[in-house]
Amino acid sequence: MTLSLSNIRKSYTTAEGSIEILKGVDLVVGLGESVALTGESGSGKSTLLHLAGGLDHPDRGSVVMDGQELSDFSERERARYRRTRVGLVFQQFNLIPSLNVAANMSFHAKLADRHDPAWQRTLTERLGLEPYLARYPEQLSGGQQQRVAIGRTLAARPPLILADEPTGNLDEATGDAVLDLMLSLAKNAGSALLLVTHSSRLADRLDRKVVLRGGRIVE
Ligand code: ADP
Ligand code: MG
């Protein structure tokens, strides 16, 4: 797995006119690598993650996954990319309200054709979710929902996980523990990780740290 972002530009149109948020971003994430993406609020971190995940299109530049340019994909290929190649963990957990925890956990793995009951059991145990398997998302606390969202993504063993402040809703100690767990489980699954955090303390736990500033990666 290699994700290469080259000279990515992205503008948004607002009431005040067009604002260029990304002004030529270059970033490579290699096989099994964990990269922390940091930067001030509003610097474009979530925008960049959406582009890498194929949820949005850059104005210019290329997003290349394993030699394939995302903009060359048909809608069908793009959907397949999102289903099988990347796993997303966003702050809004996007759990499926009509499915219990067990079914939420296996949902993406089944879509990706990688459902592995033993691996799902391991994740359930490590994330402390056994007591809640029969519950529905609305019956869980924010922290519990966050762990389900993380487990659901890891269960599918995607080659690349894109995580947007995945511990942002947890207190510091719980957030640290969940992040450590996520890092170790991602290594276990062989997944590369591009993780947005504004905590440099958390960022230091990853293989590499980059900063988005002024629309570019500066370090
Ligand atoms: P970060 O995740 O680093 O906080 P974002 O990528 O969410 O930053 O947003 C970067 C900037 O782009 C912000 O100023 C935000 O208000 C703006 N922005 C994000 N999405 C949109 C959108 N869909 N339309 C207009 N402006 C947007
Ligand atoms: Mg953001």
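The values are calculated or read from the model by the stated rules, or taken from the named source; none is laboratory data. Because the structure is predicted, anything quoted here is derived from the model rather than measured. Positions of Cβ are backbone-derived with ideal geometry, glycine not excepted, and every protein chain shown enters the neighbour counts. When the accessible area is computed, the model is the full protein with side chains, heavy atoms only, and any ligands, DNA or RNA have been set aside. Shrake-Rupley method; radii C 1.70, N 1.55, O 1.52, S 1.80 Å.
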Accessible-area order (highest first, 1.4 angstrom probe) of the listed residues Leu31, Leu123
Leu31, Leu123
Hey, can you find the accessible area per residue of the chain for me, probe 1.4 Å, expressed in square angstrom?
47 Å²
Surface accessible to a 1.4 Å probe, Arg83 within the full protein complex, Å²:
90 Å²
Mind ranking Met182, Met1 by accessible surface for me, highest first, 1.4 Å probe?
Met1, Met182
Built amide H within the under 5 Å cut-off of Leu193, gap 5+
Glu33, Ser34, Val35, Ile161
When the charge dipole of the range 3-217 is computed with +1 on Lys and Arg Cβ and -1 on Asp and Glu Cβ about the Cα centre, the Cα farthest towards its positive end, among Ser98, Ala36, Gln146, belongs to Ser98
Rounded percent of accessible protein surface that carbon and sulfur make up, the range 3-217, 1.4 Å probe:
46 percent
For the chain, what is the percent of antiparallel DSSP beta bridges, rounded to the nearest 5?
55 percent
Across the range 179-192, in residue order, what do the Karplus-derived ³J(HN,Hα) couplings come to in whole Hz, using 6.51 cos²θ - 1.76 cosθ + 1.60 with θ = phi - 60° and x for Gly and Pro?
5, 4, 5, 4, 4, 5, 6, 5, 4, 4, 7, x, 8, 6
CD proxy, 222 nm, the chain: helix-only mean residue ellipticity via -39,500 (n - 2.57) per DSSP H run with n ≥ 4, per residue, nearest 500, stands at -10500 deg cm²/dmol
Cut-off under 5 Å, modelled amide H: who pairs with Leu88 long-range
Leu162
Taking a cut-off of 19 Å between Cα atoms, list the aspartates and glutamates near Lys209, but don't count ones fewer than 8 places away on the same chain.
Asp26, Glu33, Glu40, Asp164, Glu165, Asp176, Asp180, Glu219
For the range 3-15, in residue order, the Karplus 3J(HN,Hα) values (coefficients 6.51, -1.76, 1.60; θ = phi - 60°; whole Hz; Gly and Pro = x) are 10, 10, 9, 10, 6, 6, 10, 8, 10, 10, 9, 10, 4
Enumerate the amide H contacts of Ser11 below 5 Å, restricted to partners 5 or more residues apart or on another chain; note that Pro and chain-start residues carry no placed amide H.
Ile21, Asp59
Could you order Arg201, Arg121 so the one with the most accessible surface comes first? Probe is 1.4 Å.
Arg121, Arg201
Short version: ³J(HN,Hα) in whole Hz for each residue of the range 114-130, in order, from phi by Karplus 6.51 cos²θ - 1.76 cosθ + 1.60 (θ = phi - 60°), x for Gly and Pro, what are they?
10, 5, 9, x, 5, 5, 5, 5, 4, 4, 4, 5, 4, 8, x, 9, 3
What's the magnitude of the charge dipole for the range 3-217 around its Cα centre, counting Lys and Arg as +1 and Asp and Glu as -1 at the beta-carbon? Answer in Debye, nearest 20.
340 debye
Equivalent ellipsoid semi-axes, the chain, via Cα gyration tensor eigenvalues times 5, rooted, Å:
28, 19, 17
Mind jotting down the distance between the C-alpha centroids of the range 160-213 and the range 61-99, whole Å?
19 Å
Can you pull a Stokes-Einstein diffusion coefficient for the range 1-117 at 20 °C (1.002 mPa s), Rh from Kirkwood over Cα pairs, as a whole number of µm²/s?
134 µm²/s
